[in-house]
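Encoded as structure tokens, the structure appears first; notes follow it.
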Amino acid sequence: MSMGSPPDDLTTALAACAKGDRTALRRIFDREAGRLVTVAERIVRRRDLAEEVVQESFIRIWTQAHQYQPDRGSARGWIYAIVRNRALNLLRDGSREYTVEDVEVLREREQVDHVMAAWHRLDRTSRLHDCLGALEETKRRGILMAYIGGYSHGEIAGRLRIPLGTTKSWIRRGLSALRECMA
Amino acid sequence: MSDERVDGNGRGDIGVVADEYVLGLLDAADMLRIEADLENDPDLKAAIAASRERFLPLDETAEAAIVGDQLWSRIETGLSAQHAGSTGRHKATANDNRRGGWRATALGATAAAVTLAVALTFSLMRTVDPLVVAVLVNEAGDIKAIVEDFGNETAAVRLLADFAVPEGKTIEVWTLPSPERGPVSLGLIDDARSARLDGPALPKPHDSQLYELTLEQTGGSLTGRPTGPILAKGFAKIAR
């Protein structure tokens, strides 16, 4: 699957942002904002909230661009992490303007559709696909629900109808197996 | 790097911790601990970076939504506001990829101030000992208040700084007994003065439980959840 611009462009753009070049931020926006909105929406389950997350994230990208260090991972990984963190925060403890109940109700609707859709779209030739594919179904699901949908241990346990403690240890074991497989 | 490494903070397997952090599976207290440790722990930082890279292909499966120029305009407006405001603040957090500089700062300050809190506790309530004490700090890490939770539906808040409370507003005290339950109001502080609160029946307060003060409309938040800006927050320590 083609992933848009090569990461190098994003690295360059971040460096330019750090020097105060707003057109560089706009370049990042043009390339990534659409996908970032979708990533955030998978977690917060509402388009307007997702846009808000992305809006705040771009301000953060701008103010923290000078802290990005290429030897600590890709520029894309850094940018996506900012958006993911903001989305998760909104969900977990940040829901200042939207009550927790609100968000939960929204999350019930589409259930795990997003999660499985993402899994099916994952590049089949990728290592991640191979290694996730090698996991037991439940472990794979749990990991995907957490990463893609922002589900908590409790939510995953509820959905998969397994006890919380078991869920935690299965996911933990799944993650270890995944790390080993991808090492 | 060995996956089996147990670090000095007793966090266990650093690889697991990094993954759980990236997946958003840690509870609030662990999350804060990780963010506070990040700065001085290159191994942890590297493990988190590696974990992000491992999972990034899943984000890359996302189909790009169509975003209008409106979103960009809002960002630009935000940038200008940012610029007009304090410019030095973000540089001060010499750390990358933090979930919120606010919280890490708060955590550091809290740890440093626990001794102070315990000393103050002694003078506050001589007859009954609180189960936990939380030192609440503002975004800059300045100590603003102390909450003592007695675990018997009463808590005491001591304000250690002046709060500007506009007309029609009040300070509301919150705690987070568990992420499942969500934030619970312990009561309002009228007149922005130290106060004793009679809160709802809650499970016994635990170590690292979150307490915070927010600015709400007079009478308190209507939604039963914090809606206004956070004035100060901090994590409980068990009183010993």
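If only one of A:Arg121, A:Arg140 is within 7 Å of chain B (Cβ to nearest Cβ) and more than 15 Å from A:Arg45 (Cβ to Cβ), which one is it? Answer to the check: A:Arg121. Among the candidates B:Arg103, B:Arg158, the residue that is of a type outside the set (A, V, I, L, M), out of contact with any Gly (no Cβ under 8 Å at 6 or more places or on another chain) and at pLDDT 85 or above is uniquely B:Arg158. Counting the residues of region B:216-233 that are farther than 18 Å from B:Gly182 by Cβ and either of a type outside the set (A, V, I, L, M, F, W, C) or surrounded by fewer than 19 Cβ atoms within 10 Å (Cβ to Cβ) (or both) gives 4. Taking region A:58-75 as the range and being closer than 26 Å to A:Arg92 by Cα, in a helix (DSSP H, G or I) and at the interface with another protein chain (Cβ under 9 Å from one of its Cβ atoms) as the test, the residues that pass are A:Phe58, A:Ile59, A:Arg60, A:Trp62, A:Thr63, A:Gln64, A:Gln67. How about region B:10-85: which helices (runs of 4 or more DSSP H) wholly inside it have at least 1 residues that are at pLDDT 90 or above? Those helices (runs of 4 or more DSSP H) span B:14-22, B:42-59, B:69-84. Restricting attention to region B:182-240, the residues being in a loop (DSSP other than H, G, I, E, B) and within 14 Å of chain A (Cβ to nearest Cβ) number 13. Taking each residue of region A:145-170 that is more than 14 Å from B:Tyr21 (Cα to Cα) and without any contact (Cβ under 8 Å) to a residue 60 or more places away in the chain and looking for partners that are part of a loop (DSSP other than H, G, I, E, B) and β-branched (Val, Ile, Thr) with beta-carbon atoms closer than 7 Å, six or more apart or interchain, yields A:Met145/A:Val112; A:Arg159/A:Val112. Under the condition of being surrounded by fewer than 20 Cβ atoms within 10 Å (Cβ to Cβ) and among the polar types (S, T, N, Q), which residue from region A:153-177 is farthest from the other protein chains (Cβ to nearest Cβ)? This residue is A:Thr166. Looking across region B:48-65, the residues that are at the interface with another protein chain (Cβ under 7 Å from one of its Cβ atoms) and of a type in the set (Gly, Ala, Ser) come down to B:Ala49, B:Ala62, B:Ala64, B:Ala65. Checked against the criteria, A:Glu180 counts as more than 18 Å from the chain's Cα centre (by Cα), more than 21 Å from A:Ile43 (Cβ to Cβ) and at the interface with chain B (Cβ under 8 Å from one of its Cβ atoms). Of all residues assigned to region A:11-24, none qualifies as being more than 9 Å from chain B (Cβ to nearest Cβ) and under 18 Å from the mean Cα position of the chain (by Cα).
Go through the residues of region A:92-113 one by one and say whether even a single one is at pLDDT 90 or above and surrounded by 22 or more Cβ atoms within 10 Å (Cβ to Cβ). Among the residues of region A:92-113, not one is at pLDDT 90 or above and surrounded by 22 or more Cβ atoms within 10 Å (Cβ to Cβ), which makes the answer no. Considering only residues that are among the aromatic types (Phe, Trp, Tyr) and touching a residue at least 40 places away in the same chain (Cβ under 8 Å), which ones fall in region A:11-66? Hit for region A:11-66 is A:Trp62, nothing else.
The values are calculated or read from the model by the stated rules, or taken from the named source; none is laboratory data. As the structure is a prediction and not an experimental result, all values here were calculated from the model. Virtual Cβ from ideal backbone geometry, glycine too; neighbours counted across all protein chains shown.
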